[in-house]
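Notes to accompany the following structure.
Where a number appears in this text, it was derived from the coordinates with a stated rule and is not lab data. Note that the structure is a prediction, hence the values are computed from the model and not measured. Cβ coordinates were reconstructed from backbone atoms using ideal geometry, including for glycine residues, and neighbour counts include every protein chain displayed.
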Amino acid sequence: MKKSVLVTNKLFEEVLNPLLNRFEVEVFQQDEPMPRDLFKERVEDKTGLIAMSVDRVDQEIFDIAQSLTVVSTVSVGVDHIDIETATKRGIMIANTPGVLTETTADLAFALMMTVARRIGEAERYTRSGKWKIPIYRRLLGTDVYRKTLGIIGFGRIGRAVARRAGGFGMKVLYYDIARADKAVESDLNAHLMPLDELLATADFVSLHVPLDKSTEKLIDQRRLALMKRSAFLINTSRGKVIDEIDLIKALKHKEIAGAGLDVFEREPCLPRELIEMENVVLTPHIGSASYETRKKMAELAVENCFLGLEGRRPRYLLNPEVWKEKGDKIS
Ligand code: NAD
């Protein structure tokens, strides 16, 4: 019997060819996330799964899908997958790092520019027909160039944001659990700083950590209170890295100047307070959403799944301990 794959999103048709030629492939054809009940029903007999970051691949799914050998996610973030359970059950988990780095860094920078220069507000104002007289003292924003940027999570995307900051003559501070090489620090002119100190110093704080136990609600009331009243918070990592209720309070009480947010605690539900605030810029989790990048992510996810099902090591395998066991069995 042919191995079978469930793909929870249409992706790009041509990208699926390697899988279609070799395996039975079932693709969820709608433009919306696959409903949970349908997901559970259709994954049951599959050997491979290509999932999106909105699909919760948890113990319940692993209990149902007893034949699953590889889960390939079309994302770099893997907080939606229970990797521990997968590893115990010998299921390979793979993701798509790197190919989305520059596109996500672009969005982080765009959010920073948009919130600082009040572009969202200005755009709404222009469309509203209220623009009757020259703009002198209205819609005054904050300069970005030569300001201090604090990057939390200095990995692939954090560093790509730092590269962009160089072009704006910004001073770059970073906080990470792992110090970057001296060469990287000097190349990006970036200075490591303890988290609380960075928060108190930066004019813009941009989050680029993965969501896990160590980063959940990393930015809470206490840390927001450390930020300057004139500072902006940018989040393109995961919504749960910020305590959203604390952020809303800080924004309401003008403890910080504004926020640019691409990710939220309970997507796609947004708190009404955020929607009604002028000093925030909100985007619907589009960090990697350029045509070119989404295509590369889909290709890589398909390749990871294909290799796993062929008994070869996926390019971006996150639980190599599973591979070692498989490798031992294969050799
Ligand atoms: P990466 O692994 O290259 O970088 C993450 C960095 O965070 C690493 O340097 C790591 O050491 C650091 N880190 C981990 N835990 C930390 C902690 N507790 N405190 C401080 N630093 C910590 O990952 P990346 O490719 O740069 O992606 C980062 C995250 O961005 C992803 O995990 C994903 O959740 C998110 N992302 C979002 C979008 C979007 O559409 N908005 C797109 C791509 C990625």
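One table, with the values for the structure above:
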quantity: Degrees, to the nearest 10: 119-128 long Cα axis against longest axis of the chain; calculated: 80 degrees
quantity: Burial ordering of VAL74, VAL184, VAL15, fewest other beta-carbon atoms within 10 Å first; calculated: VAL184, VAL15, VAL74
quantity: Pairs beyond 25 Å (Cα-Cα), from LYS2/LYS40; LYS10/LYS40; LYS10/LYS240; LYS88/LYS217; LYS88/LYS295; LYS171/LYS296; calculated: LYS10/LYS240; LYS88/LYS217; LYS88/LYS295; LYS171/LYS296
quantity: Mean Cβ neighbour count within 10 Å, used as a protection proxy, ranking 51-61, 211-221 highest first; calculated: 51-61, 211-221
quantity: Segment 83-179: projected area of the alpha-carbon convex hull, averaged over directions, in nm²; calculated: 10.0 nm²
quantity: Computed [θ] at 222 nm, helices only, for the chain once each DSSP H run of length n ≥ 4 contributes -39500 (n - 2.57); calculated: -11000 deg cm²/dmol
quantity: Under 14 Å from LYS147, Cα to Cα: aspartates and glutamates that are on another chain or at least 8 residues apart; calculated: ASP203
quantity: Neighbour net charge for PRO210 - beta-carbon separation under 9 angstrom, K R +1, D E -1; calculated: -1
quantity: Stretch gain in nm, segment ILE119-ALA225, where the contour uses 0.36 nm per residue and the Cα spacing is subtracted; calculated: 35.6 nm
quantity: Candidate lysines for bridging to LYS252, where Cα separation is under 17 Å - those fewer than 8 sequence places away on the same chain excluded; calculated: LYS228
quantity: Cα-derived Rg to Rh of the chain, Kirkwood definition; calculated: 1.02
quantity: Between helix 101-116 and the chain: long-axis angle, C-alpha atoms, 0 to 90°, nearest 10; calculated: 30 degrees
quantity: Span from the segment 73-142 Cα centroid across to the segment 24-38 one, whole angstrom; calculated: 25 Å
quantity: Overall dimensions of segment 101-282 as given by Cα atoms, namely Rg and Dmax in Å; calculated: 16.1, 54
quantity: Rounded to 10°, Cα long-axis angle of helix 291-309 versus longest principal axis of the chain; calculated: 30 degrees
quantity: Relative contact order (%) - the chain, alpha-carbon pairs under 8 angstrom, separation at least six; calculated: 19 percent
quantity: Long-range amide H partners of THR148 with built H, under 5 Å; calculated: LYS171, ASP203, PHE204
quantity: Length-normalised contact order for segment 1-132 - Cα pairs under 8 Å, 6+ apart - percent; calculated: 18 percent
quantity: Neighbour-count ranking [beta-carbon atoms within 10 angstrom, fewest first] of HIS208, HIS80; calculated: HIS80, HIS208
